[in-house]
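Participant: Here's a structure for you.
The values are calculated or read from the model by the stated rules, or taken from the named source; none is laboratory data. All figures in this text were calculated on a predicted structure; none of them were measured in a lab. Here the Cβ positions follow ideal geometry from the backbone for every residue, glycine too, while neighbour counts run over all protein chains shown. Surface areas here come from the heavy atoms of the whole protein model, side chains and all, with no ligands, DNA or RNA. Shrake-Rupley method; radii C 1.70, N 1.55, O 1.52, S 1.80 Å.
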Amino acid sequence: MTRLTPRRSQRCREGYVSLERLVRELDVSAMTIHRDLRLLDSRGQVRRVRGGAVAPWMTTAG
């Protein structure tokens, strides 16, 4: 089961964060980050994007 920590979910809500940065700063595997981001996205707490995640209030131009 995925173990979300307040630090992990807060990092994503601050704006864009890369998968590599999360892996490095939180010292967990990329698979753990993928699972956490999937769960946070399903809860509406972050929006997954290629290579990381963004805060749900951020929009993309296009």
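Participant: Could you figure out which of (1) hydroxyl-bearing (Ser, Thr, Tyr); (2) modelled with pLDDT of 90 or more; (3) under 11 Å from the mean Cα position of the chain (by Cα) isn't true of SER42?
Facilitator: Going through (1) hydroxyl-bearing (Ser, Thr, Tyr); (2) modelled with pLDDT of 90 or more; (3) under 11 Å from the mean Cα position of the chain (by Cα) one by one, SER42 breaks only (3).
Participant: Let me ask something else about it. What are the residues in segment 16-62 that are in a helix (DSSP H, G or I), open to solvent by 60 Å² or more (accessible area, probe 1.4 Å), out of contact with any Ser or Thr (no Cβ under 6 Å at 6 or more places or on another chain) and not polar (S, T, N, Q), if any?
Facilitator: GLU20, ARG21, ARG24, GLU25, MET31, HIS34, ARG38
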